[in-house]
Amino acid sequence: MKIAIIGGGPGGLTLARLLQQKGVDVKVFERDADRHVRVQGGALDLHEESGLAALRAAGLLDVFRRKYRPGADKMKIMDGEGTIYFDQHKEEDHYDFGDEHFRPEIDRGPLRDILLDSLAPGTVEWNSHIVSLTPVGSTSNPVGGWQINFAGGGVAMADIVVGADGANSRIRPYVTSAKPVWAGVTMIEGSVKHPGNTAPRINALLRGGKIFAYGDEKTVIVSGKGDGTLGFTLSFMSEEDWVERHCPDLNDRQQVREWFGKLYAGWGGIWQELLAADDTIFIPRPQYCMPLDLHWDPKPNITLIGDAAHWMPPFAGEGVNMAMLDALQLSESLIGGEGVGHYEAQMFRRFAEVGRITMENTKWMHEPRALGKMLEMFGID
Ligand SMILES: Cc1cc2nc3c(=O)[nH]c(=O)nc-3n(C[C@H](O)[C@H](O)[C@H](O)COP(=O)(O)OP(=O)(O)OC[C@H]3O[C@@H](n4cnc5c(N)ncnc54)[C@H](O)[C@@H]3O)c2cc1C
């Protein structure tokens, strides 16, 4: 059986590694031009029972231990005025792989590199933007397979297709009619190239770790990255069409600064540092979540993993972990001969729970009680 994985994100690459380890004929089709395209996004923390469990099964935990960023998981919890209420930099270091509370951080780029380096040469077909699928019959495969159609006109054939192509999956409609539901929050993502120069106070507070700030029903989340840059997100409750109707021109730094000054009016001046650089690229990210009662009847030759299956907001930090656990469970189901339905049943159950927690977090983190609730979670009065 030839398996085609559409999308070379953490989910798709983990699945490719796990299947290839067992001798399965697998290809990953990725729309990025090559592996050197700069990978956007902040640091990701991997959890013992999901992301790390998948890496362990893939035989990649040792290389992960050499490449993760010790200390990057240390966080500060702050309010909008810049007061620090909780500071893990004051706590002792502990790096206990195997402890469920230890959540080592790695940047998206190095995680992708670990997975790519573990694959046989030629496994990933770069510059392969899939636009559609066509079902095809085959004498060797009674269920039939798929013709994969690329932008530009090329095609490839596969017996089983796995959609791992993220939030706006092109493969999802071939599996389910379920659609993402508006989550009530818009996020603006940005990245600061030289934070020591343009965001010196935040950079000094960050110390390569994370800052979570809450106030006035809004958040600012900042995370350091291994290359010395920092990533941040601003999030606030909004209408679904906020980006079309109310978003400032994100290429016009002055407009962005003025918009931020108004929306975050009750916040202290320190946060303006995040918008000080002229070369910051801003990405609007309206937040959606797949329906929590997600379910479809299994089809033997096609399925979804990661955000393609269960896109959800990032407010529980579970997205990448779920994508990698999906990959682990799908690989076990395919190799064990139980088929995709066995994996899907586990994934639906898990998403019902993780998605519920995620949506609860999304709500309270944008309510007046956010700071208090966050501190309560860390046992601080
Ligand atoms: C701002 C932000 C912060 C986040 N923070 C966290 C966090 O702290 N912790 C956490 O766990 N999760 C976080 N997430 C969520 C996390 O990034 C995702 O859940 C995770 O990346 C999903 O992995 P994936 O492999 O399913 O999809 P993706 O990482 O989205 O990968 C999909 C891949 O498919 C490719 N692709 C897409 N369409 C096509 C196509 N048509 N043809 C070919 N290839 C295609 C893409 O180029 C990409 O490489 C965050 C997300 C955002 C936006």
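The values are calculated or read from the model by the stated rules, or taken from the named source; none is laboratory data. Note that this is a predicted model, so its numbers are computed, not measured. Here the Cβ is made from the backbone with ideal geometry for all residues, glycine too, and neighbour counts use every protein chain on show.
Would you call SER118 under 21 Å from the mean Cα position of the chain (by Cα), away from the ligand (no atom under 14 Å from the Cβ) and closer than 17 Å to GLU30 by Cβ?
yes
Test GLY228 against the criterion of being in the same structural domain as LEU274 (by TED's automatic domain parsing), away from the ligand (no atom under 14 Å from the Cβ) and farther than 15 Å from ILE283 by Cβ, and give yes or no.
The answer is yes for GLY228.
Being more than 12 Å from the ligand (Cβ to nearest atom) and either in a helix (DSSP H, G or I) or free of Cβ contacts under 8 Å to residues at least 24 places away in the same chain (or both) narrows it down to one of MET359, MET322, so name that one.
Values: MET322 fails: more than 12 Å from the ligand (Cβ to nearest atom).
Selected residue: MET359, the only one of MET359, MET322 that is more than 12 Å from the ligand (Cβ to nearest atom) and either in a helix (DSSP H, G or I) or free of Cβ contacts under 8 Å to residues at least 24 places away in the same chain (or both).
Any residue at all in region 140-147 that's buried (at least 21 other Cβ atoms within 10 Å of the Cβ), part of a strand (DSSP E or B) and on the phi < 0 side of the Ramachandran plot? Before the answer, list the steps.
Initially, region 140-147 is screened for residues buried (at least 21 other Cβ atoms within 10 Å of the Cβ), giving 145-146.
Narrowing the set further to residues that are part of a strand (DSSP E or B) leaves 145-146.
Adding the requirement that they be on the phi < 0 side of the Ramachandran plot leaves 145-146.
Yes, that holds for at least one residue.
Among the residues of region 326-341, how many are farther than 15 Å from ALA57 by Cα, in a helix (DSSP H, G or I) and out of contact with any Leu (no Cβ under 9 Å at 6 or more places or on another chain)?
Of the residues in that region, 1 qualify.
From GLU273, GLU258, GLU239, which residue is under 30 Å from VAL354 (Cβ atoms) and either more than 14 Å from the ligand (Cβ to nearest atom) or in contact with a His (Cβ under 9 Å, 6 or more places away or on another chain) (or both)?
GLU239
Of all the residues that make up region 71-101, how many are within 22 Å of the chain's Cα centre (by Cα) and crowded, with 17+ Cβ neighbours inside 10 Å? Walk me through how you get there before you give the answer.
The initial filter retains those residues of region 71-101 that are within 22 Å of the chain's Cα centre (by Cα), namely 71-77, 97, 100-101.
Now narrow it down to the ones that are crowded, with 17+ Cβ neighbours inside 10 Å: 72-77.
Of the residues in that region, 6 qualify.
Which of the residues belonging to region 14-62 are over 15 Å from LEU334 (Cα atoms), more than 15 Å from the ligand (Cβ to nearest atom) and among the β-branched types (Val, Ile, Thr)?
Within region 14-62, none qualify.
How many residues are among the aliphatic types (A, V, I, L, M) and either within 22 Å of VAL354 (Cα to Cα) or more than 15 Å from the ligand (Cβ to nearest atom) (or both) when one looks only at region 63-74?
1
Being under 11 Å from the mean Cα position of the chain (by Cα) and of a type in the set (Gly, Ala, Ser) is the filter here, so list the residues in region 317-336 that pass it.
If we filter region 317-336 for residues that are under 11 Å from the mean Cα position of the chain (by Cα), which is where we start, we get 317-324.
Listed by number, the residues that qualify are GLY317, GLY319, ALA323.
Would you check if GLY196 is free of Cβ contacts under 8 Å to residues at least 12 places away in the same chain and surrounded by fewer than 19 Cβ atoms within 10 Å (Cβ to Cβ)? Break it down stepwise before answering.
Values: free of Cβ contacts under 8 Å to residues at least 12 places away in the same chain: no; surrounded by fewer than 19 Cβ atoms within 10 Å (Cβ to Cβ): yes.
When the stated conditions are applied, GLY196 does not pass them.
For region 154-179, which positions are more than 16 Å from the chain's Cα centre (by Cα) and within 13 Å of the ligand (Cβ to nearest atom)? So that I can check it myself, show each step before the final result.
Applying the first criterion (more than 16 Å from the chain's Cα centre (by Cα)) to region 154-179 yields 154-162, 170-179.
Those that are more than 16 Å from the chain's Cα centre (by Cα) and within 13 Å of the ligand (Cβ to nearest atom): GLY154, ALA156, VAL161, VAL162, ARG170, ILE171, ARG172, PRO173, TYR174.
Going by the structure shown, is THR280 more than 28 Å from ALA178 (Cβ to Cβ), surrounded by fewer than 18 Cβ atoms within 10 Å (Cβ to Cβ), within 16 Å of the ligand (Cβ to nearest atom) and polar (S, T, N, Q)?
Taking the combined requirement at face value, the residue does not satisfy it.
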